[in-house]
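Single-structure report; data block below.
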Amino acid sequence: MSNQQTFLRDAMRRLNMTREAFATRIGVSRRALDTWLLPDDSQESRSMPEIVERFVSEILQHQTETTQSVHKHQSLADAIAFEGRPQLLSVDQFSRESVEALFLVADIMQPIARRQKISRVLEGAVLGNLFFEASTRTRVSFGAAFCRLGGSVCDTTGFTFSSMAKGESIYDTSRVMAGYVDALVVRHPEQGSVAEFARATNIPVINAGDGPGEHPSQALLDLYTIQREFSRLGKLVDGAHIALVGDLKYGRTVHSLSKLLALYKGIKLTLVAPPGLEMPSYVIERLGKHDMVIEQTDDLEKGLAGADVVYATRIQKERFQNESFEGYRPDFQINKALIDSACGADTMIMHPLPRDGRPDANDLSTDLNLDPRLAIFRQTDNGIPVRMAIFATLMGVDGQVQRSMRDATWRRPAMVGPDDAVFHGID
């Protein structure tokens, strides 16, 4: 995708406008806007006049200044604080306004995340990654995000290798670690345990997953990805049809994402789960208080029909208590044949990963890997700018990043993965 197309589509996303509304806002015909958004190799593609680019830039600048003015007497860190501290434990800490403000910071981080720019605003700061459950993606993603802002990382993984296995309390562990590092990212198998870590220190603490509870940073990067993908498709999050599929009982990512989606208007949420793994009733009761349509089914093809987004989740067997494993495998797989029959050409397919890629697994099939609708790798890539935005916000340097950037000097690949599916020319 050309810089012109990226600029216009991201402008529509940030302004939360459809093509029709955006064309009216900048005073051009819908036809003119469409020609500027066409691929460069199209015979009808046209270059956008420089005066239009300047006008759109001014509108975006005004929006940013307005957002900053709203938060003039309360920083974003204060707006999302946990019990008065700069910590992130739950998506409940966010309003729609603060979500959008965080995403503006993530937009600023994109050139750094894409390895085009460098910033050292966290130089000298040390992150403690405390993972009492095994993790690869989330742990490395948080560490990479911190390092790309100039910080350094100390990692620890596994409960048996921690002092807590010797009987040390969460309070003591948190207080001791806070004397060593400047921020903590914690994953723990027990729901509510990360909040105990947070209450024992005044340094930033981020919940990287507390058992079947929440995974706020994953939900934020998921919503950010939906917004970015929709901007290329001319869609808005308001009024979208989202299908959440799989283990909705223990899948903490869908618990958090559904709460964030409740901040938007007219969402249709289809909950597709095998019997016994339905979304918890307390989550549904909460969602029911918002402007949402909620449907539940165990019919996979019926649940996917007409969805703008299909969000698949892995069956969380490690959290099963009395549930049987049988019956969850071949009849609950999302594969290309199913997507082709139930969904449209612009349906977006997501997954928080890891996925079970074995042929008979009831998960997201690998036969979708080359399908441009598959967004899982663009989704994981977006984890870096979003987590960078979280760190920068909680540590009070979000206003310093843009002016601190300098060009990266190393060579980077045009596309990270050799077999990545191209979505409207995005690398």
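The values are calculated or read from the model by the stated rules, or taken from the named source; none is laboratory data. All figures in this text were calculated on a predicted structure; none of them were measured in a lab. In this analysis, Cβ positions are derived from the backbone assuming ideal geometry, glycine residues included, and neighbour counts consider all displayed protein chains. Only protein heavy atoms, including side chains, enter the accessible area calculation; ligands, DNA and RNA are left aside. Shrake-Rupley method; radii C 1.70, N 1.55, O 1.52, S 1.80 Å.
Take the residues of segment 103-133 that are assigned to a loop (DSSP other than H, G, I, E, B) and not hydrophobic (A, V, I, L, M, F, W, C): which is most open to solvent (accessible area, probe 1.4 Å)? Step through it out loud before you land on a result.
First pass over segment 103-133, keeping only residues assigned to a loop (DSSP other than H, G, I, E, B): 114-116, 119-125, 132-133.
Checking which are not hydrophobic (A, V, I, L, M, F, W, C) leaves us with 114-116, 119-120, 123-124, 133.
Working: ARG114: 79, ARG115: 82, GLN116: 78, SER119: 0, ARG120: 109, GLU123: 135, GLY124: 67, GLU133: 35 Å².
Step by step, filter segment 103-133, then rank; the result is GLU123.
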Of all residues in segment 1-41, how many are in a loop (DSSP other than H, G, I, E, B), open to solvent by 50 Å² or more (accessible area, probe 1.4 Å) and farther than 26 Å from ALA240 by Cα?
3
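Quickly run through segment 332-388 and pick out the residues that are of a type in the set (S, T, N, Q) and part of a loop (DSSP other than H, G, I, E, B).
Within segment 332-388, GLN333, ASN335, THR347, ASN362, SER365, ASN369 meet the criteria.
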Counting just the residues of segment 42-66 that are charged (D, E, K, R) and either assigned to a helix (DSSP H, G or I) or out of contact with any Leu (no Cβ under 7 Å at 6 or more places or on another chain) (or both), which one comes out surrounded by the fewest Cβ atoms within 10 Å (Cβ to Cβ)?
GLU50
Anything in segment 271-288 that is in contact (Cβ under 8 Å) with a residue 12 or more places away in the chain and more than 23 Å from the chain's Cα centre (by Cα)? List them, or say none.
PRO274, PRO275, GLY276, LEU277
Being among the aromatic types (Phe, Trp, Tyr), out of contact with any strand residue (DSSP E or B) (no Cβ under 6 Å at 6 or more places or on another chain) and either open to solvent by 60 Å² or more (accessible area, probe 1.4 Å) or at pLDDT 90 or above (or both) narrows PHE377, PHE320, PHE332 down to just PHE377
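Pick from segment 139-150 the residues that are farther than 17 Å from GLN402 by Cα and touching a helix residue (DSSP H, G or I) at 6+ places or on another chain (Cβ under 8 Å): which of them is most open to solvent (accessible area, probe 1.4 Å)? It would help to see each step written out before you state the result.
First, the residues of segment 139-150 that are farther than 17 Å from GLN402 by Cα: 139-144.
Retained after the next criterion (residues that are touching a helix residue (DSSP H, G or I) at 6+ places or on another chain (Cβ under 8 Å)): 141-142, 144.
Working: SER141: 15, PHE142: 0, ALA144: 32 Å².
So, considering only residues that are farther than 17 Å from GLN402 by Cα and touching a helix residue (DSSP H, G or I) at 6+ places or on another chain (Cβ under 8 Å), the one most open to solvent (accessible area, probe 1.4 Å) is ALA144.
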Can you name the number of the only condition in (1) open to solvent by 40 Å² or more (accessible area, probe 1.4 Å); (2) touching a helix residue (DSSP H, G or I) at 6+ places or on another chain (Cβ under 8 Å); (3) hydroxyl-bearing (Ser, Thr, Tyr) that THR136 fails?
(2)
